[in-house]
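*Asks:* Below is a structure I'd like to ask you about.
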Amino acid sequence: MKSLLSLLLVLVPLSLAAQPVVSTPVVLTESFTRPDSAVDRIAIAGDATGALIAWADAGDNARIRVADLVTRATFDIPTTSDDRVSLNSYTPVLPALAKRGDTYVLAWADPVASPFFPFPIVQTLSALRLESTGRPFAQPPARGPLFSDVVAPMNVLVAATDDGFRLYSVDIGLTSETRADASLNLDRSRLLVRWPVAAVAATSRTLAYSSPVYVSGLLISPPPPSDFYVWSRPIAATNESETVEVLRRSFLPPAHMQTTIATNGDGFLAVWREPFDIIGLRLDRDGRAIGSPFTIASGTRTSTNNPQILHLAVSWNGSQYVAAWERFSIEGRGDILGATISENGDVLSQFDIAATEEDERMPALAGGGGRTFVAYALYGLADSRIAMRTITTGQPRVRAARPR
């Protein structure tokens with residue numbers, strides 16, 4: 001009897017410690033008006049000391065806004081346009097954040113007067129340095145290349161590297177890369193790949209990317225498949241030919257895909273949604289696949305496209321990866337679920353992050369030191385709010401130094 005009791009005392013703390021602890025929500029914003037749902041998202045970056053979030057507010061004074069998750073201080077981001085009044089009906093969109101040292105870089109697509117007739121407005125890649133509190137440095141935003149004068153930008157991405165930052169502007173059919181030093185002096189833009197990028201992560205030697213999947217060929221019978229890619233390239237690469245294809249998967253329409261990627265500093269975890277399941281693939285420090293894709297979570301198999309699994313996010317918290325995704329119910333309400341994954345690709349736990357009577361969507365993750373910040377939207381009929389929770393999963397792992 002005594003030995004059985006001792007065994008229980010040992011096992012109970014272990015089982016409790018293995019299950020992530022999710023804090024109660026803190027609402028960070030009173031309200032904001034979302035832009036078009038096609039570009040609706042929250043950006044986040046940070047570590048164990050804190051994080052910043054950014055979002056597009058399409059209200060009467062359309063702007064990008066940034067908030068500090070610790071102090072809750074909020075800042076409005078200045079536009080690159082010289083004539084905000086005439087552009088006020090156009091919303092800056094697609095905020096992206098990256099942190100390097102004590103400095104953040106915010107990138108977004110900003111409306112500007114068009115040099116192309118007959119289009120009055122186009123959008124440009126814009127970027128701004130932020131202090132660790134979220135306050136913008138006293139400088140105008142840097143301006144990168146213009147997006148297409150015909151179609152809206154598909155994506156904006158930014159990644160921190162040892163020598164500065166990489167900014168990505170994603171248009172129909174191609175992705176351009178703009179390099180920037182630590183002071184955000186932009187270099188000329190170069191073609192990265194001749195297809196869109198959905199997510200990027202960087203280590204000291206490698207950049208890893210994943211792509212979206214289009215809903216394509218719906219007017220053709222039978223419709224052709226759409227391809228999904230994970231690929232990588234050396235951090236010092238300057239030539240498009242140095243891009244290495246790591247994985248290609250084909251899906252038949254309808255196949256709108258969610259995808260994300262994160263790094264633990266020594267490798268990567270790519271996460272994407274297939275028709276029914278959430279799938280992961282590990283990459284090593286050189287961007288090569290480790291093993292085969294594995295299932296992180298399975299969705300309800302109610303249709304060929306399983307629209308119940310929507311926005312995805314993944315982050316490294318110092319000891320394991322944390323993934324989050326939005327599950328959209330048939331009642332028309334979103335919940336946010338999560339999972340923890342070891343750096344060896346083992347799914348350690350699955351749990352609810354925000355599953356209440358409110359409509360909770362668009363998770364974004366950042367963290368370190370065994371703690372993960374989760375920012376997400378509380379959808380309303382007229383406007384929305386942003387809430388934050390923290391997930392605690394354990395102490396960070398101390399990794400032995402490896403030669404580079």
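Throughout, read-outs are computed from the coordinates displayed, never taken from laboratory work. Bear in mind that the values here come from a model prediction, so they are computed numbers and not experimental data. Heads up, the Cβs are rebuilt from the backbone with ideal geometry, glycines too, and the neighbour counts pull from every protein chain shown.
*Asks:* For a quick check: with amide H placed at 1.01 Å from N, whose amide H comes under 5 Å from A45's, ignoring anything fewer than 5 positions away on the same chain?
*Replies:* Answer set, sorted by chain and number: L52.
*Asks:* Output wanted: per-residue J couplings in Hz (rounded whole) for the range 361-377, from phi through Karplus 6.51 cos²θ - 1.76 cosθ + 1.60, θ = phi - 60°, x for Gly and Pro.
*Replies:* Using θ = phi - 60°, the values come out as 9, 6, x, 9, 10, 7, x, x, x, x, 10, 10, 8, 10, 9, 7, 9 Hz.
*Asks:* Next question, about the same structure. Please order S183, S132 by the number of other Cβ within 10 Å, starting at the fewest. Can you show the working numbers first?
*Replies:* On the way: S183 11, S132 16.
Lowest count first: S183, S132.
*Asks:* Report the normalised scattering of the range 32-197 as log10 I(q)/I(0) at q = 0.10, 0.18 Å⁻¹, calculated by the Debye formula with identical scatterers on the alpha carbons.
*Replies:* At q = 0.10, 0.18 Å⁻¹ the computed log10 ratios are -0.33, -1.13.
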